[in-house]
Each structure stands twice: as structure tokens, then as C-alpha cells.
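Asker: Before we start, here is the structure in question, set down as C-alpha cells.
Each value in this text was obtained by applying a stated rule to the coordinates, not by laboratory testing. Nothing here was measured: the structure is a model prediction, and the numbers come from that model. With ideal geometry, Cβ positions are generated from the backbone for all residues, glycine too; neighbour counts draw on all protein chains shown.
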Amino acid sequence: MVSDTKGILYKTAPLKLWNKARELRVNHYKEIQEAPEKGRLLVGGSVQAYPSLIAGFGDFAHLGGEAYGATIATDPDFALKCAEAVEARGYARDLCSYMRMYWGSMFLDRYPFGGKFPHPNLLLHLHFCDTHGKWYQVVSDYLGIPCKVIEFPTGGWGQREDLKVEYLSTQFNDAVEWMEKTLGRKSDDELMIESMKTEFMSQSLWGEIALLNQAIPAPLDHKTMPTLHVLGVLMRHKKECADFYKDLLEEVRERVAQKIAVVPTERLRLLHDGQPPWTFLEIFRYLEKFGAAVVGSHYLFYLGGTLWEREDGVLERRKTPQELGIPMRNREEALKVYAQWILYKNMWSRAICLPSEERSDQVLKLVRQWRCDGVVIHLNRGCENMSYGCMENKLALNEAGVPTMTYEGNQADARELDTSQIINRVDAFMESFGLSKLEK
Amino acid sequence: MAVAVKSGGAVKQFGAIRQNRHEYAKEWKKRTGGKVLGYFCTYVPEELIEAAGVLPVRIMGSHEPEDVTEPHIYKMYCPFCRDCLAQGLKGRYDYLDGVMIAHSCTHIRQAYASWTIHLPTSFQYYFSMPAKVQTPLAKPFLTSEMKAFKAALEKWTGQKISDDKIDKAIGVYNTNRRLMREIYDLRKSATPPISGMESMEMVVAGQMMDKKEHNKLLEQALTELKKKTGGNEPSSRLIIIGSEDDDTEFLDMVESLGASVVVDDHCTGSRYFWNEVVPKDNRLEALAERYLTRPACPQKDWEERTRWPHIEKLCDDWKVQGALLIQQKFCDPHEFDIPYLNKKLQEKNIPSLFLEFDVLVPVGQFRTRVEAFLEMIQQASLEF
């Protein structure tokens, strides 16, 4: 795959749907800003926290913490103020940086898009890492708003799954009943079920789009994918997200058929392990100077989407419950199906719940199936959860003959990211492949 | 200057067992022919392990500098988890027949994960202890987990675990907890007969030895301590709150300055043994209830904050004058709670000193800070 040929190898073209993706995201954050003054229900919590459970209560806006933190990170001045506001209150600097950005915005009462921090009416949240339950405990205390946290059962991947489905689905039911009591109205189960079906579809579609990146040349890369995957993170329960992904799937299929590359000089394919460093996305543009395309990541594939692993270990599109004819006729059935979908789908299932060995195995599968020459590992000081297993990943990849490069950074706190050091490492990594820059 | 009185007899033996934990376990194996199961995290249901005739030993560090874990555990993870893994990689736990963990913090899970990859044993078990201990829905889930764990132990040992065996094990553990509570109660006295360091060694020894043998030592220790007279009133009565902490050198230093650590809230202390199992017909459910309602690790203390009411009561009952907030470097769960606890302690006029711990503690520098802290407490008590 590593070619001696220099220069342009493939044609390239911008994504037709790029502006649409940005527009959807901008509208999402505008809706959050306007929700309080319009009297619209605003719910806070993790971006992964089960929007379909809320959908049964009708129209709502959702302030998902992690993506919000990432958004703030892209504004260095505001991000620094947020971090300092949190530290001034005695919180440690090594805590989750998504959370510190969120908290900072809350303590400063400032919204990155202008105006005050929008107060949610309630918090529906999920707990899967050490941070999450505590994150919203502080938010609930500070804003004086009710909070319900659902625990995502971890550990023992593939074992005692029926117990986990039961635990998760009963918590879902408990959360719906809690919202009914808190909001003073009943959930419309039909609306909830419809929303679940849309969620499944959106996630399945993003997974299918991710699969297309196995193509050479890759139609998408790690600089373009965040803007596209984030819709599945923020609004996967909405029809506009599923519709967008349907359209995007067609466009990306076309790009594959026409061999339209996102990096026209693609001569090296890399996987990225861990969150992108939101304060230094230029790293991916820098890699392109060498003709290196970062074609995938665990994080971007699984946060907004899902994939299915066949018996032979190959990852393929995951069919939705509605495609498989799994009934969701009432609340009880629907919540169980929802729990099963989420337990399998998820990035955490594959990052946190998996034993370290299996997590390394998953990364290796991505490397092989997406035809990668190496892996760039972000040793992320801002997320201990995603850093879980990262060193063992490195060992396992090296043992399997896959070259790796690590860089220490922080997903959202620019103070912990030394850009010149990272550039030096990239230079050395590229040199190890015998590659020099194609452009200055 | 009054110095915390050191005890003799049985109390001294706790320290000896802690120092020689590996020799103890190897000798126990030889003596009984039984298996030894290493565990990470005190949410592991040891009663079931005891009922299976297996010796549970908590895997802990040795407080020595090491360089063997860097390829396995990211540097941002706490020193304790790295110290634990280092012991395994250095072969100090080569006598273990199995390892297990109860779902706990990310860092210790990484130590367990790396252990199972590089030091595999015939029995490796991930016990899914819920993090959401406050929901009633956790009880049926945890009870089912207990059932599955029991079945796994039976398969491993080839022995059935009867209700009778579980009852006996619960009896042993409840006795153990009761005896330690009784000894802790003695520290409410104006002249505590046992120091904070000795109390920590007592608890930590219990995490490393056969509970029946630990009970014998505890009974002996209780008798000795109740007879003890002529003790000194400490200059300050302190509570230690925080992460895993078995740094006896630090505690010894604090108490050499005239203070006494009269009570604690950490998992090498009271959190380990505070509440008993309330027996019921459904033994596994009884066990689940005990582990769900024990004083919570901050990793599990949400949505409501249950730690502060418990800590406040400890401070009241043990007449605490100052608090040492100990946190293992990078320990997220405790980093979340410390600002809140600091605020509540302040509201209660209990001064606090925050100290960040690593594998090795800078005792000299900490001494200076602790001295100043104790002067502050003594000054405040004079003003009152």
C-alpha cells in the first residue's frame, strides 16, 4: 500500500452535504439556546443518554455534555476561562476535560454561541465511567434541578447479558416514570417507540457510512468525519438525522464508485485511537502533507453509530430491530429492545466494558478491515475512560506487526497539548514509513 | 509532647502479617491445601469466597519505586493501581490461583485487565458490582451476579457452596466486622488505646489473611486494649478521609507529632468493614444488600450524596478536631468529592488539610505541612 509514487494519485471533491451537516449542528445549538425563552423542554445529560426515553414527552431540546465540551474546546480563549473557573472552585485539573468545559460554561453562566448558559429543566443522564454520575451530581446541585442517572452495566462482555438487559431496561422504565412525575404528564409510548426506531436507523446508517471508508482511496477522513458523526451523537432520534445519513450514504457510495478521495495523495492509511484532539485538529491536515489519510477510529465509528460483528469476526452493517422484525408493541417490549441495542452497540461496550484484550482485538479488527498501515494513539489526559487499555492496545498492535505512534494530549484542554512535540512525533513516524512531505 | 501510645501483643502481629503477607498466604496454602484468590477492590463479596474454602487476599502495592508498569498502564492512572500491577509483574503474587475484581474505578480495572493479560491464572472473574447502588433496581441485578459468581466458584473449586457454608462464612465475616467496630469504638475515648497506624494495620492485615485467624487476633487485641491504662490524650483528634491509603509511614509521622487519627473513611479502613450482612433466607440477596448499603466509595456515591452524613457522624461520634483529606494522585472519584467535603467540613468548623499521595510519600515535606495544620487546630481549640 505504501507507494513510491509522489503527488496526486486520486481526484478529490468537497462533500456536497458538508454545509447541510454544519447547518444541522448550528440549528441544534440554536434550539438549545432558545429553549428556555420559548418554554420548550430542555433536557441535559450525556449525549448518549437515551433521547428516545425523553421523546415520549413530545418536543424537546437536548444539551448533551460531551459534545458541548468538545464544542467549547474549539474556542481556545473561552475554553481556558472555563478550565480556570473550574479550578478556582477546587476541582482537579486532571478530571475529564469535556466536563470541565461544561462546568466552566455553567459556572461562568456563558453559552459559547452568545448569551447565558441555558438551564435544563431536568437531567437524564447515563453512567458508564467514573466521571459521569458525579458530573451531573455537581450540575444538579449547582443549578438546583432534578437528576436521574441510568447506569450502563459494564464488565463481563458477552456474559450474563440477559441480566444486564433486565437491569438496563428496568432502569429505563424507572426513568420514564420519574420523568412523568417530574414533568407532570404521561409519556406517549408510541412517540417513544418511533423515536427508538429512528435512533436505530441513524446509528445503523452511520455505521454503514463508516464501512465505506474501507475503500481505497478513502472517501472520508478524520477531519471530515467529526462534523458528520456528531449528528448521530446529537440528534440520532430525529428524522432529519436519519434522512441526512441516508443522503450521505448515497453520496459516499458515489464517491467510492468514482474513486473520489478526501486525501488525493493517499498513500498511507492510518487509524486513530482515542478522541480527536479538538484543540489541534490540524494534526490530521499535517498528516495529509505526507499523503497519510486517517481513515477511521473506534471513537468516530461507534459514538454516533454501530456495527455488527459476524461469526467470522468481520464487521458489517448492523440491521435495525425493525428490519429484523423484532416486535416493539408496548413499553416493556420496546425498553428491552432498546437495552439490547444499546448494550451491544456501543463505544463503551467496546471500549469500557470489554476486557482490555478484547478491546485491543477490536482495534486490530478495525486496522485490518480498514486496511490501515499503522495506528496513531492519543494518550488523552482529558479522558481516562478512553485511555483505558490504550497502552495494552499499543503492545498488542506492535505484537501483531502494526506500527504505532503515541502522542500525549488532551481532548479539550489545550494547555496539555504540546503541538510542536506532536509534530516531531508525526515526522518521525512518517520517516519510519519512508515518507517525506509532499507539500510544505 | 504526647505521642500516640503503641500497643503490644496481638496488635503488633497485625503489622507483622501485613509486612509478610506473601509468606502468610503461601504458608496458608501449604497448611490447608486451599486455593488463594487475589482481588482488587473491597466490593468483592468475600463471604462467597470464604464459603468456597478459598482464601481471598487483597492485592496491594509495596510503596517502592517501579518502572515495570509504564508499558501497560497510562501514566495518568493512579499510583495505587500501578503499584498493584507492579507486584504481579515482579512475581510477588506468583502463589495466586486466581484473580478477580468487583466493578470499580477505571484505574484499578486497568490493573486487573493488564494482570489477566500478562499474568493469567486458571480463574479470572469480573464481578459486575453496580455503580448505581442507590437504586432499588440494583438489588435484583446484584443478587443475580452473586448467584453467577457462586456458580463460577463452584465450577472452579469443584465443591458445592451450600447455604450452610454461606451462613458460616457470613458469621465469620460479621464477627470480623463487629470486632473491628468494637476496637474502633475504643478510639472514641479521650485516650485512645490504639493508634491510627495500628488500626490501619489491623484492617489491612484482615484483607490479607484468613478471617477466622484474624478474628482470633482481634479478640485477643480487644482484650488487651480494654485492659490498657495510662494512655495519653492526643494533642489533636483527626479523621482521615480519602482514597485507598495504606501508607503507614505517613500515619506514623502524623501521630509522632502528638495527634491521633481516631477514625477514618477509606477502604483500608472503616469503609471495608462498617456494616454487617443482615441474615435472611435468601442468602445471596442478604449479601447484595450488605454491599449496596455499605459506606460508599465516591465512585458509587450518586445521585444523592450519602458520604457526608456518614462522615459527619464519624466526626461527631469520634470528636474529630481536624480532617486529613488523602487522595491518590489522579484519583477521579475522590477528586470529585473533595471540594464538597472541604466545604462541609468548613461549615462544621473542622479544619482540613488536603494531601496528594503517590507510591512514595514525601514524609519530610508532609511533616512540615502537618505540623502547621496541627498548630492551627490547637490554636483554634484554645480560642474556643
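Asker: Exactly which trypsin sites (Lys or Arg not before Pro) in segment A:95-141 are in a DSSP loop and have at most 13 other Cβ atoms within 10 Å?
Answerer: A:Lys116
Asker: What does the charge add up to near A:Arg329, with Lys and Arg as +1, Asp and Glu as -1, over the other residues with Cβ less than 11 Å from its Cβ? Intermediate values should be presented prior to the final figure.
Answerer: Numbers: positive: A:Arg331; negative: A:Asp189, A:Glu190, A:Glu332, A:Glu333.
Neighbour charge sum, excluding A:Arg329 itself: -3.
Asker: Next question. Tell me, what HN-Hα J-couplings in whole Hz come from the Karplus equation 6.51 cos²θ - 1.76 cosθ + 1.60 at θ = phi - 60° for each residue of segment A:38-43, using x for Gly and Pro?
Answerer: Along segment A:38-43, the couplings run 8, x, 8, 4, 10, 10 Hz.
Asker: For a quick check of your reading of the filter: which trypsin sites (Lys or Arg not before Pro) in segment B:123-206 sit in a DSSP loop and have no more than 11 other Cβ atoms within 10 Å? Numbers along the way, then the final one.
Answerer: On the way: sites: B:Lys132, B:Lys147, B:Lys150, B:Lys155, B:Lys160, B:Lys165, B:Lys168, B:Arg177, B:Arg178, B:Arg181, B:Arg187, B:Lys188; in loops: B:Lys132, B:Lys160, B:Arg187, B:Lys188.
Here the trypsin sites (Lys or Arg not before Pro) that fit, given the DSSP loop and packing criteria, are B:Lys160.
Asker: Another one. For every other residue with a beta carbon closer than 10 angstrom to the beta carbon of B:Asp97, add +1 if it is Lys or Arg and -1 if Asp or Glu, then tell me the sum. Present the calculation step by step, with values, prior to reporting the outcome.
Answerer: Values: positive: B:Lys29, B:Lys35; negative: none.
Surrounding charge for B:Asp97 is +2.
Asker: For segment B:26-165, build the charge dipole from Cβ charges (+1 Lys, Arg; -1 Asp, Glu) around the Cα centre, then report which of B:Gly158, B:Thr106, B:Tyr125 sits farthest towards its positive end.
Answerer: In segment B:26-165, that residue is B:Gly158.
Asker: Another question, if that's okay. Could you give me the ³J(HN,Hα) list for segment A:366-377, computed from phi with Karplus coefficients 6.51, -1.76, 1.60 and θ = phi - 60°, whole Hz, x at Gly and Pro?
Answerer: With coefficients 6.51, -1.76 and 1.60, one gets 4, 4, 6, 6, 8, 6, 9, 8, x, 10, 9, 9 Hz.
Asker: Can you say what percent of the DSSP beta bridges in the protein assembly as shown, counting only those with both residues inside, are antiparallel? Round to 5.
Answerer: Values: 3 of 62 bridges.
Given both bridge residues lie in the protein assembly as shown, the antiparallel proportion sits at roughly 5 percent.
Asker: Enter the mean number of other protein chain beta carbons within 10 Å of the beta carbon of each residue in A:295-304, as an integer.
Answerer: On the way: counts 0, 0, 0, 0, 0, 0, 0, 0, 0, 0.
Across A:295-304, the average partner-chain Cβ count within 10 Å equals 0.
Asker: Hey, can you grab everything whose amide H is under 5 Å from the amide H of A:Thr404? Only 5+ residues off in sequence or another chain; H modelled, so Pro and N-termini drop out.
Answerer: So A:Thr404 has HN proximity to A:Val375.
Asker: What whole-number distance in Å separates the alpha-carbon centres of segment B:41-66 and segment A:385-416?
Answerer: Rounded to whole Å, the Cα centres lie 30 Å apart.
Asker: Also, quick follow-up: Taking the beta-carbon count within 10 Å as an exposure proxy, list B:Trp308, A:Trp308 from fewest neighbours to most. Walk me through the numbers on the way to the answer.
Answerer: Working: B:Trp308 17, A:Trp308 14.
So the residues, fewest neighbours to most, are A:Trp308, B:Trp308.
Asker: Can you give me the C-alpha center-to-center distance between segment A:79-103 and segment B:198-249, rounded to a whole angstrom?
Answerer: 39 Å
Asker: Residue by residue through segment A:296-312, which ³J(HN,Hα) values in whole Hz follow from phi under the Karplus form 6.51 cos²θ - 1.76 cosθ + 1.60 (θ = phi - 60°), with glycine and proline marked x?
Answerer: x, 7, 3, 5, 6, 6, 9, 6, x, x, 7, 9, 10, 9, 6, 4, 7
Asker: Something else: If Lys and Arg each add +1 and Asp and Glu each add -1, what is the summed charge of the other residues whose beta carbon sits under 12 Å from the beta carbon of B:Leu186?
Answerer: +2
Asker: Grab the DSSP H runs of the protein assembly as shown that are 4 residues or longer, score each as -39,500 (n - 2.57), total them, divide by all residues and round the 222 nm result to the nearest 500 deg cm²/dmol.
Answerer: -16000 deg cm²/dmol
Asker: Let me check against my output: what whole-number percent is the relative contact order of chain A, with C-alpha pairs under 8 Å and at least 6 apart? Don't jump to the answer; show the numbers that get you there.
Answerer: Working: 779 pairs, mean separation 85.4, N = 440.
Normalised by residue count, the contact order of chain A is 19 percent.
Asker: Using label points projected 7 Å from each Cα along Cα→Cβ, tell me how many nm separate B:Gln220 and A:Gln258, to one decimal.
Answerer: Placing both labels 7 Å beyond Cα along the Cβ direction yields 8.5 nm.
Asker: Which whole number gives the average count of other chain Cβ atoms within 10 Å of the Cβ atoms across peptide A:404-411? Write out the running numbers ahead of the final one.
Answerer: On the way: counts 0, 0, 1, 0, 3, 0, 1, 0.
Mean partner shielding for this stretch: 1.
Asker: Taking Cα atoms, how many degrees apart are the long axis of helix B:138-157 and the longest axis of chain B, rounded to 10 and kept between 0 and 90?
Answerer: Helix B:138-157 and the main axis of chain B meet at about 60 degrees.
Asker: Tell me, how many Å apart are the Cα centres for segment A:14-54 and for segment B:67-104?
Answerer: A separation of 43 Å, based on Cα centres.
Asker: Further question on the same structure: List A:Arg285, B:Arg305, A:Arg40 from most exposed to least, where exposure is judged by having the fewest other Cβ atoms within 10 Å. Could you put the intermediate results ahead of the total?
Answerer: On the way: A:Arg285 11, B:Arg305 18, A:Arg40 15.
Least to most surrounded, the residues fall as A:Arg285, A:Arg40, B:Arg305.
Asker: Would you please give the residues with an amide H less than 5 Å from that of A:Leu41, counting only those at least 5 places away or on a separate chain, with H modeled from the backbone geometry?
Answerer: Amide H to amide H, under 5 Å and 5 or more residues apart or across chains, A:Leu41 pairs with A:Ala61.
Asker: Applying a 10 Å radius around every beta-carbon, put A:187-194, A:166-173 in order of their mean neighbour count, most first. Don't skip to the answer; put the middle values down first.
Answerer: Working: A:187-194: 18.0, A:166-173: 22.1.
In descending order of packing, they fall as A:166-173, A:187-194.
Asker: I would also like to ask the following. What are the GluC sites (Glu not before Pro) within segment A:394-440 that DSSP puts in a loop, where the Cβ has at most 11 other Cβ atoms within 10 Å? Walk me through the numbers before you get to the answer.
Answerer: Details: sites: A:Glu399, A:Glu408, A:Glu416, A:Glu431, A:Glu439; in loops: A:Glu439.
Within segment A:394-440, the qualifying GluC sites (Glu not before Pro) (loop, at most 11 other Cβ atoms within 10 Å) are A:Glu439.
Asker: For A:Arg381, what residues show an amide H to amide H distance below 5 Å, using hydrogens built from the backbone and excluding near sequence neighbours?
Answerer: Under 5 Å from the amide H of A:Arg381: A:Gly409, A:Asn410, A:Gln411.
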